[in-house]
1. Quick check on the stretch 381-439: of everything there that is of a type in the set (G, A, S) and over 22 Å from Q325 (Cα atoms), which residue is modelled with the lowest pLDDT?
2. Filter the stretch 440-450 for residues that are among the small types (G, A, S) and loosely packed, with under 14 Cβ neighbours inside 10 Å; which is modelled with the lowest pLDDT?
3. Here are some conditions: (1) among the charged types (D, E, K, R); (2) surrounded by fewer than 17 Cβ atoms within 10 Å (Cβ to Cβ); (3) within 37 Å of the chain's Cα centre (by Cα). K277 meets all but one. Which one does it not meet?
4. Assess whether D119 counts as being under 23 Å from F103 (Cβ atoms) and of a type in the set (D, E).
5. So which residues in the stretch 417-445 are under 26 Å from the mean Cα position of the chain (by Cα) and either in a loop (DSSP other than H, G, I, E, B) or not hydrophobic (A, V, I, L, M, F, W, C) (or both)?
6. May I ask you to list the residues in the stretch 191-203 that are over 17 Å from Y130 (Cβ atoms) and out of contact with any Leu (no Cβ under 8 Å at 6 or more places or on another chain)?
7. Would you tally the residues in the stretch 144-173 being touching a Leu at 6+ places or on another chain (Cβ under 8 Å), more than 15 Å from V133 (Cα to Cα) and basic (K, R)?
8. Among helices (runs of 4 or more DSSP H) lying entirely in the stretch 121-210, which contain 3 or more residues that are in contact with a helix residue (DSSP H, G or I) (Cβ under 9 Å, 6 or more places away or on another chain) and under 20 Å from S106 (Cβ atoms)?
Amino acid sequence: MNFNNGIELTQSQKLIMTSQLRQSLKILNMNKVELESEIVKEVESNPLLEAEKSSEINWEQYINDMENTRKHNSYENVFNNENEVDLENLIKSDSNIYDDLKFQVSLYKLDNSERMICDYIIDSLDEDGYLKVSDYEIMESLNIDEDIFEKCLIKVQNLEPSGVAARSLEECLIIQINNFGIVDEILESIIRHDLKLIASNKYKDICKKYKITLQECKRFSDLIKDLNPKPCEGYFSSNKESIYVQPDVIVEKIENEFIAYLNEKDSYKLKINNFYKEVLKNSQADKDAKDFIKERLNSALSLMKNIDSRKSTILRIAESIVKNQEEFLNRGIKYIKPMTMKDLAEELNCHESTISRGVNGKYMLTPFGTYEFKYFFNSSIETDNNEVISSVSIKNMIRDKIKAEKKDKPLSDDKIAKLLKEQGINVARRTVAKYREELGILSSSKRKKC
């Protein structure tokens, strides 16, 4: 085998991922909220960049409000004319489930040791209200015996919301029926051993096992399903901060034509600080300072250019969606047409990955509500009439058929497929099952009600 050294000239194509290109792709992939966070971060690190939000302020009203605020003491409205506290004018302070439970414990006649154990149990609960820490671990940590632990645990389990401090789903449900004053050995046994049968609506199996009638089984099932498997879930979800979607594009009908335009409301407008421009013009300025300013200036201009490119790409995608989905914009969701990112990429003469980044996390406000860009991209199925129908439309048909079904005789996936075939839409049973699951709808056996 011969190894010879030599020089060879070859020609090849390579994509060099520059920092500017990387930033451009990153910014295009961001949603509106993420972009604003990125702008704030860049402004903080780059002294040449200035950002301001253009929002119209009624200064006359603002000044009047400020003057009125100064005239009144902050506690003035808390009291009524008779100098008594007016409870209706007090603002409720933020609290959490742990504070609420400890307040309830404080109403018990307990010694300091028992109160401390109850508080420890409460602090060990998860957000659903379950006690996930083992009994042994708590007893060892507090150096207490089992009797005092059980006594304090029962105290906590008697608090509201009912079912709190349970160590399992079965115990949670049994605590609730006990708190409701329901005493039934068969019901407790079903909860302890056969919740899976209840979830699957296998009433005949339950009737056979416990030798009860179908009516009794149905009553037990309804009662169990009315219980709350996560006692504290609603409390936490109601106190969580709401997340708001900001549409990137707004679509309006103007003179019988749908127009798409960028949502610039409350958006940042970037500009270069004039002070640093003057420094660059000054021939006496320090060379190192000038080099730093030039480097920061290039970074600022690159960011501004990439943001403008993002806006242009998103608007082009939105305009194409509007053009292709005019029937949806006129008549509603049932008339959405099939679209793929590949087709749109060919239409706009760009790469499919650009379309993917351009629609990621972006929202469009339409006459029928706010939709994510991705919603408009879906597969198609050909009908017997040689027409194409989108998967979104088929999903809505499946949902409508299930809504109209008899509760005691729910439609199977196979039956739904046959009903769609009667309408000229050939969809396999497994496709119906897939779409049903994507809609979050249970199977026919689990939807069945006596």
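The values are calculated or read from the model by the stated rules, or taken from the named source; none is laboratory data. Just so you know, these numbers come straight off a predicted model, no measurement behind them. Positions of Cβ are backbone-derived with ideal geometry, glycine not excepted, and every protein chain shown enters the neighbour counts.
1. G424
2. Within the stretch 440-450, the first condition is being among the small types (G, A, S), and the residues that meet it are 440, 443-445.
Okay, now just the ones that are also loosely packed, with under 14 Cβ neighbours inside 10 Å, so 440, 445.
Details: G440: 81, S445: 76.
Among residues in the stretch 440-450 that are among the small types (G, A, S) and loosely packed, with under 14 Cβ neighbours inside 10 Å, the one modelled with the lowest pLDDT is S445.
3. Single failed check for K277: (3).
4. So D119 fits the description; yes.
5. Within the stretch 417-445, K434, Y435, R436, E437, E438, L439, G440, I441, L442, S443 qualify.
6. Kept after step one, since they are over 17 Å from Y130 (Cβ atoms), are these residues of the stretch 191-203: 193-194, 196-203.
Passing the criteria: H193, D194, K196, L197, I198, A199, S200, N201, K202.
7. So the answer is 1.
8. Numbers: elements: 135-142, 146-157, 169-179, 185-193, 195-199, 203-210.
Once the helices (runs of 4 or more DSSP H) in the stretch 121-210 are filtered for at least 3 residues that are in contact with a helix residue (DSSP H, G or I) (Cβ under 9 Å, 6 or more places away or on another chain) and under 20 Å from S106 (Cβ atoms), what remains is 146-157.
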